[in-house]
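Just so it is clear, none of the values below were taken in a lab; they were calculated from the coordinates. All of these numbers come straight from a predicted model, not from anything done at the bench. Cβ atoms come from the backbone with ideal geometry, glycine included; neighbour counts cover every protein chain shown.
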Amino acid sequence: MRILITGVAGFIGSHLAERVLADGHDVVGVDCFTDYYARETKELNLNSVRHFPGFKLIEANIVDADLDNIFKGIDIIYHLAAQAGVRSSWGANFRIYSDYNILGTQRVLESSRRTGVKRLVYASSSSVYGDVDDFPMHESVFPRPVSPYGVSKLAGENLCVLYAKNYNLSTVSLRYFTVYGPRQRPDMAFHKFIRSFLCNQTSVLYGSGDQTRDFTFVSDAVDATYMAGLKQDFSGDIFNIGGGSRISVNSVLNILEGILGGPLDIRRCETQKGDVRHTAADTSAAKAAFGYIPKVSLEKGLEKEVDWLKSVYCCGIGG
Ligand SMILES: NC(=O)c1ccc[n+]([C@@H]2O[C@H](COP(=O)([O-])OP(=O)(O)OC[C@H]3O[C@@H](n4cnc5c(N)ncnc54)[C@H](O)[C@@H]3O)[C@@H](O)[C@H]2O)c1
């Protein structure tokens, strides 16, 4: 299998590449090292895969690269490249979300069908749901995103469905629910809380802390993504990928304080525009379709993220 991963230098993309290479497949990785966070951090992410002879990195932006040329001979594409982040997607910034997440996805789909790619797995997000009334969230709920980021990810999903129906391109969208673990993006909450503790700084908590989330450890998200790509018969299907439990942010902070061995210094601020109140994934469809069962508990997963961040910030190489 010739496998291509867009967004390979990112948090989830680098773990996915590691997993696919370890299984004996070749990987072409595409990334343009956006400035959403430091290039240095992404280069460190790639250290986990550079030593594999089957790994090739192409530095290119999916918005203007010659994708037909890059995709020639590729069987499966895992499309993870995107501008992430809910809070920064308002205002003039939306330009980059619409370019990278919508136009970029459309270009990836066009080239995939032209070059005979067999399957495309799209990294979608629980942000497409917005605020729903019924939990856990099921894929059949009508999505009403509450952030421009969520709108851009939903547009990408809809494009995947269009290309499946009109061109018989096998596409599948995975709605990740807050992924965490080693290499988590520096703008994400767990990373920020742990970093602040390790560096004796104050953390900001947006909202009361009563908001609940379904947190997914990165190896579970990667397993789901990898398995979905190997399956043969998707046609625009959509699946939730969650961690298996819903917990309030206040409860997570208690667990974190236990692992870190001391209190976090928290400043509480108002809820930010675009933040959803609650998330919880119904993952029964992913289980039935490709055997997805999350394996890593929140406690174990947080311990791994803390260990990783200690190695980063306590050695002075943080990004
Ligand atoms: N991390 C999460 O909790 C989460 C939750 C839901 C969905 N997702 C989705 O999963 C995917 C990966 O997220 P992540 O947290 O690893 O983010 P990340 O920012 O760490 O990784 C994304 C990578 O894509 C690259 N990239 C962005 N735009 C590009 C472009 N136009 N051309 C080439 N490369 C480009 C970036 O340089 C980066 O290395 C994204 O599509 C994101 O929307 C993530």
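So in the chain, what percent of DSSP beta bridges are antiparallel if you round to the nearest 5? Among the beta bridges of the chain, antiparallel pairing accounts for roughly 5 percent. Express in whole angstrom the spacing between the alpha-carbon centres of segment 146-171 and segment 121-139. Cα centroid to Cα centroid, the span is 14 Å.
Exposure proxy for Ser235, Ser152: other Cβ atoms within 10 Å of each Cβ, ordered fewest to most, give Ser235, Ser152. Axis angle, to the nearest 10 degrees, between helix 218-230 and the longest C-alpha principal axis of the chain: 10 degrees.
Scanning residues 5 or more positions from Arg2 or on other chains, those with amide H under 5 Å from its amide H are Asp75, Ile76, with H placed 1.01 Å from N in the peptide plane. So for the pair Arg114, Cys269, with labels modelled 7 Å out along Cα→Cβ, what separation do we get in nm? Between Arg114 and Cys269, the label points sit 4.4 nm apart. Values of log10 I(q)/I(0) for segment 80-185 across q = 0.13, 0.19 Å⁻¹ run -0.49, -0.99, by the Debye formula with one identical scatterer at each alpha carbon and no solvent.
DSSP beta bridges confined to segment 164-283 are antiparallel in about 20 percent of cases.
Cα centroid distance between segment 19-53 and segment 68-113, in Å? Measuring centre to centre over Cα atoms gives 17 Å. What separates the Cα centres of segment 186-205 and segment 277-300 is a distance of 26 Å.
Fewest neighbouring Cβ atoms within 10 Å first, the residues Tyr149, Tyr313, Tyr167 line up as Tyr167, Tyr313, Tyr149. Close amide H contacts of Ile238 (hydrogens built in the peptide plane, cut-off under 5 Å, sequence separation of 5 or more or a different chain): Ser173. Remark: the chain is approximated by an ellipsoid whose semi-axes, taken from the C-alpha gyration tensor as √(5λ), come to 30, 22, 18 Å, largest first. Whole-Hz Karplus values for segment 178-189 come out as 4, 8, 9, x, x, 6, 4, 4, x, 8, 8, 4 Hz, taken residue by residue from phi with 6.51 cos²θ - 1.76 cosθ + 1.60 and θ = phi - 60°; glycine and proline positions read x. With everything on Cα atoms, drop me the angle between helix 298-313 and the longest principal axis of the chain, reported from 0 to 90° to the nearest 10. Roughly 90 degrees, rounded to the nearest 10. Helix 249-260 axis versus longest C-alpha principal axis of the chain: approximately 80°, rounded to the nearest ten. The peptide list 18-27, 202-211, put in order of mean Cβ contacts within 10 Å with the highest first, becomes 18-27, 202-211.
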